[in-house]
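To start, the structure itself, in structure tokens.
The numbers here are math on the coordinates, done by the rules we state, and not lab data. This is a predicted model, so every value here is computed, not measured. Neighbour counts are summed over all protein chains in view; Cβ atoms, including those assigned to glycine, are modelled from backbone coordinates with ideal geometry.
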Amino acid sequence: MNVHLPRGVSPVSIALALTCGLLAGGRAEGFSPAITHVQQTTAYNAGSPKVARAVCPAGQSVLGGGALITGGQGVVAIQAAFPTHDDAIFQDVYIVKAAAEEGSTDSWSVTAEAFCTASTVTTKVFESSLFDSTPIKQVTIQCPYPLKVVGMGAEVAKQDYEHPTNDPETIPIPADAKGKGVVFQGFDVAAGLTQVTAYAVEEAAALDPAWDYTGDWKLVAFATCASEAYFGGLERRTTRARGGGVYDPEHTVNIACSPGKKLMAIGDRVEDSAMGQWFIHRAFRLNFAQQTAFGKTYLSHGDTSVTQTVSILCVDK
């Protein structure tokens, strides 16, 4: 497991925060962090791939974030959405990467939104799969005990860098001219708020080896971890729905925080029997007023239904 401590933060300081922030029974005190929202949107054109980077204000920690594609329905797929620390600028960021199918002329843009806070110490961790041509990949990252997940993400990459990169050329396209490619299927958080799991597939490769994507690639899962002492009423909410098909090529799932809570992380996962024919299009806030998130996916081709799971993390207002 790869662990990134914020600049100037030691394991001792985290231990002290845990000790001071917990009651005798182990429950977290009722702190509620202020959350800042930062967005960045790329140019709207037919260029592919694209990377959007939402940079938290200096000194603030990124929790989770949102990813949004405008345009490109069914031909553009989110291929990464994750929180991390940018050592070059000494700031936390939420990065979203997306790519279009080869030959697409549709115009589109990608938006990244970071949920940032100045009121807590966070630890960034990530775990990578092997860099190979295995057609189905699943990676789980666990927060160091006793920290909990307060942000999440994942990416697919076609170059084997040790750390995440902002280079768009590292992003696999969803499908090439022969219909072969790697499709990001999102990520979710476990019920115990200790693990994040990421998913990706080579399109249809598990069903028909002749469609096997010929290149090597890897899948990386990310988690932002922190003590519950800083997150009063920390909760995970999730909803799962099935639908879609050739006559209904769009599928949306909405979910809201419980009353009195605010949103701080969003996860979206898609599963289809044809392996990668549904492209994740957004996992984003519904609007600025409501503490509601929605995941949306579009059918690229074929005729198969999809199961979509949207998970969110919320904290007391």
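Taken about its Cα centre, the chain carries a charge dipole of roughly 1140 debye when the Cβ of each Lys and Arg holds +1 and the Cβ of each Asp and Glu holds -1. Label separation (LYS178 vs ALA118): 5.5 nm, computed from points 7 Å beyond Cα along the C-beta direction. Each Lys or Arg adds one and each Asp or Glu subtracts one; over the other residues with Cβ under 12 Å from the Cβ of ALA191, this totals +1. Projecting the Cα atoms of PRO33, VAL55, GLY65 onto the charge dipole of the chain (Cβ charges, centred on the Cα centre) puts PRO33 farthest toward the positive pole. Amide H contacts under 5 Å for SER32: GLY232, restricted to partners 5 or more places along the chain or on a different chain, H placed in the peptide plane at 1.01 Å from N.
Proximity of backbone amide H atoms, modeled 1.01 Å from N, is registered between ALA265 and LEU313 at under 5 Å, excluding neighbours fewer than 5 places apart on the same chain. Estimated from helical segments only, the mean residue ellipticity of the chain at 222 nm is -1000 deg cm²/dmol, where each DSSP H run of four or more residues counts as -39500 (n - 2.57). Name the residues of the stretch 85-108 whose amide N is less than 15 Å from a point 7 angstrom out from the Cα of ALA46 along the C-beta direction? Inside the label zone: 100-108.
Couplings 3J(HN,Hα) of the stretch 251-258, computed from phi: 9, 10, 10, 10, 7, 10, 5, 4 Hz, in residue order, whole Hz [Karplus 6.51 cos²θ - 1.76 cosθ + 1.60, θ = phi - 60°; x for Gly and Pro]. Remark: relative contact order (the chain) = 21 percent; criterion is Cα-Cα distance under 8 angstrom and separation of 6 or more residues. Ordering TYR298, TYR44 from the fewest to the most neighbouring beta carbons within 10 Å gives TYR44, TYR298. For the chain, find the longest principal axis of its Cα atoms and tell me its angle to the long axis of helix 11-21, 0 to 90°, nearest 10. Once rounded, one gets 70 degrees. Counting 0.36 nm for each residue step from ASN254 to PHE288 and taking away their Cα separation leaves a gain of 10.8 nm.
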